[in-house]
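Visitor: Quick one: structure below, then a few questions.
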Amino acid sequence: MLSLKARWIFTGRGDPIRDGVVRVEDDRIVEVQRGRAGQSLRDLGNVAVLPGLINAHTHLELTGIAAPLGRPGIPFVQWIDLVVGRRRAEDYEAADAVRRGLDESSRAGVAAVGDIVQPSSEDPESSISLTRFLELIGPTPLRAAEALERAATCAGAGQGRGANRLGLSPHAPYSAGPELVEGACRLSREHRLPVAFHLAESREEMQLLREGTGPLRELLEQLDAWDPAVQRPGRRPLDYLEMLAVADRALVIHGNYLNDEEIAFVAERRDRMSVVYCPRTHAWFQHDPYPLESMLAAGVSVALGTDSRASTPDLSLLEEMRAVAKRHPRVPPEKIVEMGTLAGAKALGLEAVLGTLEPGNLARLAIIDLPKHKLDDPYGALLAR
Ligand SMILES: [Zn+2]
């Protein structure tokens, strides 16, 4: 039995506990309570203990990129060009980047990661609960069929190594047409796998969906991947949300440009459908203001992700939470903590064991140093930097 005392313990259920003690046995939480004098325990000092943080969306294979690519406000397609260039460089070590990303996440108090991976990549070992979403790219019918076949083989072979879980990620509307998304969602249902899909991320994507024109079309043409039968104009993110609603569990990555109707659609399905907001990545591209307040008011389950190091400076989910506090001052701080913990666990289907510090849950703790001031304001001490 291990007993840990901390200035503040955020259980995720009710107010933070001052001078709280969390007891752990056999890798499970036994109880959380106020400390009493005379208990034998390890005092962690002036720290906050939170449920292990959940990074619901990243691409660890890009951890080898030291800093966000381009400049703030970079047009989306220019950025894609830079990422593809770096990823294709002969000396780029993707497996090494994943290992470093897992180490960095661990140090940042992250307990679970939703990672987008290449179907050919190796399954790493880690203490982090890793959901490996196989990236499926298929802008043409032939490539979509190939991607689906690979996905079906992996899904049929079952879960990944050790604690790693399998998921599917048709990439985005511009790189995966409806057939691929629908096929992936069918596999998701059949094999009970989560699906992650980048949707309503950029103005360029919205233009492509609406009109079939713009920089993303030019990019697809350059790559010889433009198929007018796949990218029929007049589609909306709602059309894709309807496809995702078939999945066993769906993560709508970004959703920067979802409208009220689409937000309501996701909210109605909050038990199986989440949105993943990546605040510092959103800021890097200088998108229109994120509709976080509308989503929360509608009842959407909003999780947080860092996205990759190609668009955010590090893999700290806590810094993403602090970015939310700064950018959305009207969102209650307890909601922000929930987004970085329980909502992320729900998005990945891990809420039975992670996301709160409750008896029976896995003992995954984020231990965060607090400033010496603000001793009476736990949320301020945690989030205001
Ligand atoms: Zn992403």
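Visitor: In the range 348-366, whose amide N lies under 15 Å from the spot 7 Å out along Cα-to-Cβ of Arg28? List them in ranges.
Guide: Under cut-off, by backbone N: 352-354, 357-364.
Visitor: Within the chain, what is the number of lysine pairs with alpha carbons under 26 Å apart, leaving out pairs fewer than eight places apart on the same chain?
Guide: 10
Visitor: What would the Debye formula give as log10 I(q)/I(0) at q = 0.13, 0.16, 0.20 Å⁻¹ for the alpha-carbon point model of the range 154-304, no solvent?
Guide: -0.60, -0.90, -1.27
Visitor: Ok, one more. What FRET efficiency comes out for the pair Asp376/Lys335, r = Cβ-Cβ distance, R0 = 22 Å, nearest 0.05? Walk me through the intermediate numbers first.
Guide: Values: r = 21 Å, r/R0 = 0.93.
In this case the efficiency is close to 0.60.
Visitor: Among residues other than Ser274 whose Cβ falls under 10 Å from its Cβ, what is the net charge (Lys/Arg +1, Asp/Glu -1)?
Guide: Details: positive: Arg249, Arg269, Arg270, Arg272, Lys346; negative: Asp271.
Charge balance near Ser274 sits at +4.
Visitor: May I ask you to order 87-96, 197-206 by the average number of other C-beta atoms within 10 Å around their residues, highest value first?
Guide: Details: 87-96: 11.3, 197-206: 23.0.
Ranked by mean Cβ neighbours within 10 Å, highest first: 197-206, 87-96.
Visitor: Using only DSSP helix segments of four residues or longer, with each worth -39500 (n - 2.57), what per-residue ellipticity at 222 nm results for the chain after dividing by its residue count and rounding to 500? Provide the component values of the computation, followed by the final result.
Guide: On the way: 14 runs with 138 residues, N = 385.
Calculated from helices alone, the mean residue ellipticity at 222 nm is -10500 deg cm²/dmol.
Visitor: Between helix 178-191 and the chain, what is the angle of the helix's C-alpha long axis to the longest principal axis, kept within 0 to 90° and rounded to the nearest 10?
Guide: Approximately 40 degrees, to the nearest ten.
Visitor: Relative contact order for the range 231-385 using alpha-carbon pairs under 8 Å, separation at least 6, rounded to a whole percent? Can you show the working numbers first?
Guide: Numbers: 201 pairs, mean separation 28.7, N = 155.
18 percent.
Visitor: Something else: Quote the FRET efficiency, to the nearest 0.05, computed for Asp260 versus Asp123 with a Förster distance R0 of 30 Å and r equal to the Cβ-Cβ distance. Intermediate results must be reported in sequence, preceding the final value.
Guide: On the way: r = 41 Å, r/R0 = 1.35.
For R0 = 30 Å, the calculated efficiency reads 0.15.
Visitor: Please state, as a whole number in µm²/s, the translational diffusion coefficient that the Stokes-Einstein equation yields for the range 67-110 at 10 °C and 1.306 mPa s, with Rh defined as the Kirkwood radius across alpha carbon pairs. Present the calculation step by step, with values, prior to reporting the outcome.
Guide: Values: Rh = 12.2 Å.
Taking Rh from Cα pairs, D becomes 130 µm²/s.
Visitor: Classify the range 254-385 as rounded, prolate or oblate from the Cα gyration tensor: take a ≥ b ≥ c as the square roots of its eigenvalues, call it rounded if a/c is under 1.5, otherwise prolate when a/b beats b/c and oblate if not.
Guide: Details: a/c = 1.61, a/b = 1.19, b/c = 1.35.
Here the range 254-385 falls in the oblate category.
Visitor: How much net charge surrounds Leu136 when only the other residues with a Cβ under 13 Å from the Cβ of Leu136 are counted, with Lys and Arg +1 and Asp and Glu -1?
Guide: Details: positive: Arg132, Arg143, Arg150, Arg186; negative: Glu135, Glu146, Glu149, Glu179, Glu182.
Charge balance in the 13 Å sphere: -1.
Visitor: If you don't mind, another one. Mind listing P(r) for the range 1-58? All alpha-carbon pairs, 10 Å bins, whole percents.
Guide: 23, 52, 19, 4, 0
Visitor: Once fully extended, how much extra length lies between Leu142 and Glu179, figured as 0.36 nm per residue of separation less the alpha-carbon to alpha-carbon distance? Present the calculation step by step, with values, prior to reporting the outcome.
Guide: Numbers: separation 37, 0.36 × 37 = 13.32 nm, distance 1.08 nm.
Here the answer is 12.2 nm.
Visitor: List the equivalent ellipsoid semi-axes of the chain in whole Å, largest first, each obtained as the square root of 5λ for an eigenvalue λ of the Cα gyration tensor. Walk me through the numbers before you get to the answer.
Guide: Working: eigenvalues 263, 92, 76 Å².
One finds semi-axes of 36, 21, 19 Å for the chain.
Visitor: Along the Cα-to-Cβ line of Glu268, 7 Å from the Cα, sits a label point; which residues in the range 225-260 have backbone N less than 19 Å from it?
Guide: 236-252, 258-260
Every number here is computed from the coordinates shown, using simple stated rules; none is lab data. These figures come from a predicted structure and were not determined experimentally. Quick reminder, even Gly has a Cβ in these numbers, built from the backbone with ideal geometry, and neighbours come from all protein chains shown.
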